[in-house]
Amino acid sequence: MNESSYLYRLAPTGSAVFSFGNLYLTGSGTGSMEIFQIDALQMSNASTLNIANVASDAAVVINVAGSGSVLTGGGQLQLNGSTAHTGNDVLFNFASSISSISLNNGFDASILAPNANVVGSYGEFNGDLVAAGYTGSNQFQINPFDAAVPTPTAEPNSFNLIAGVALTIIGMWGRGPLKSLGASFKRAKSK
């Protein structure tokens, strides 16, 4: 499982409300990470994104659901009332079904969209960009996403799990409780 899929599966800790062309995200106010879930259409139509009630040192992960294309409105992003560049602590994580992201103007956050192609028009991009591809003329600023977020742990795949169980059984065959089972099986076969 990649980082984007892992973050996308985390449960939201805050709420999202779209009202009068603005998107309002309200965090829990506690913890080192706030997670929000928004719809791609909400993001495309929002002229302002206001994130409030987030601890000053918390990472903000905004999972964007939907499919196809997403247009960012280039509107203002506020974190706890500040319009300062927030690319180092705000991450937009796009669903694997989103194939294209259009940056309509500058963008003051980081983007994690490993399956999407990003097209930029103009303006500054303040944050990290991880995508399948990029074309455009945005000016990228050095403002890396440096907030702490959890990472996925390796999961055993089915083959390794089955092979491990089989080797355990084979190892136990010659000793312990399965030894008597093996002896019974041999005696039954020879009769």
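The values are calculated or read from the model by the stated rules, or taken from the named source; none is laboratory data. None of these values were measured; they are calculated from a predicted model. Don't worry about glycine lacking a Cβ; one is built from the backbone with ideal geometry, like all the others, and counts go over all protein chains shown.
Points worth noting:
- Count of the stretch 63-79 residues, restricted to those that are in a strand (DSSP E or B) and closer than 17 Å to residue 125 by Cα, is 7.
- Members of the stretch 2-39 found to be part of a strand (DSSP E or B), of a type in the set (Val, Ile, Thr) and surrounded by fewer than 18 Cβ atoms within 10 Å (Cβ to Cβ), listed by number: 17, 26
- Residue count, the stretch 96-115 (criterion: closer than 15 Å to residue 4 by Cα, surrounded by fewer than 22 Cβ atoms within 10 Å (Cβ to Cβ) and out of contact with any helix residue (DSSP H, G or I) (no Cβ under 6 Å at 6 or more places or on another chain)): 5
- Hey, residue 140 within 17 Å of residue 62 (Cα to Cα), out of contact with any Lys or Arg (no Cβ under 6 Å at 6 or more places or on another chain) and among the aromatic types (Phe, Trp, Tyr) or not: no
- Within the stretch 3-25, the residues that satisfy the criterion of being touching a residue at least 24 places away in the same chain (Cβ under 8 Å) and over 19 Å from the mean Cα position of the chain (by Cα) are 18, 21, 22, 23, 24.
- Any chance residue 44 is part of a helix (DSSP H, G or I), in the same structural domain as residue 105 (by TED's automatic domain parsing) and out of contact with any Phe, Trp or Tyr (no Cβ under 9 Å at 6 or more places or on another chain): yes
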